[in-house]
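This report refers to the structure that appears directly beneath it.
Just so it is clear, none of the values below were taken in a lab; they were calculated from the coordinates. Predicted model, so just to flag it, every value in this text is computed and none were measured.
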Amino acid sequence: MRSPERRSPRLTGFDYSEAGAYFVTVCTAGRRCILGNIVQGKIVLSAAGEVVQECWKEIPVHFPHVRTHAFQVMPNHVHGIVEILHKGMCRGGVSPPLSPSRGGETPPLHGVTLGNVVAFFKYQATRRINVIRETPGRKVFQRSFHDRIIREDTEYFFVEQYISLNPIMWQFDREHPGEQPLRSDELRNELRRHTALDDYAIERIIEQNA
């Protein structure tokens, strides 16, 4: 049930600078469990995981028209909701995002996209983690990321619940290094034990893991 490293799953023709909410998943390179461990249904962050959490919180500082919502660090990936409030503009647009151009010239203005936001987050986290670990240039995250456009309030609610409950569902997660098959019946029972959600809500949350 392990998926290969994803190629870009962006929707063809969709303008990712458009205002809206996006469910984002970013995996570590090789799906290495370097961000923490799950202990009794809760994440215990490593130093790298703490860096990732701080870099996520800093996104709105660098992109004033962007808001971050539910977020969860897992051992080898992160889930979060990014909301673009309007078509903001930034200078540059190349990796690392918002970096000054060579020679002191002013780079052209570009509309900020979801890709710019995630690239900035990954760049900042990678740089800081490599400083801490004394591993300059080492790859921390997969090249791409997975996203889904959240189109309505009901969908937002179940995505938010899925993100917050992710540590409880870790042993059933497709990214779990144990490579065991997903056991939906056991996952349902686990969610019933830990939440007050009804069966319909549980099914909708399980759908997010598909």
Using Cα centres only, tell me the gap between region 160-210 and region 36-63 in whole Å. 21 Å
With Rh as the Kirkwood radius over Cα pairs, region 20-207 has Rg/Rh of 1.00
P(r) for region 136-199: what percent of alpha-carbon pairs falls in each 5 Å bin, starting at zero? 3, 13, 18, 20, 19, 14, 7, 3, 2, 0
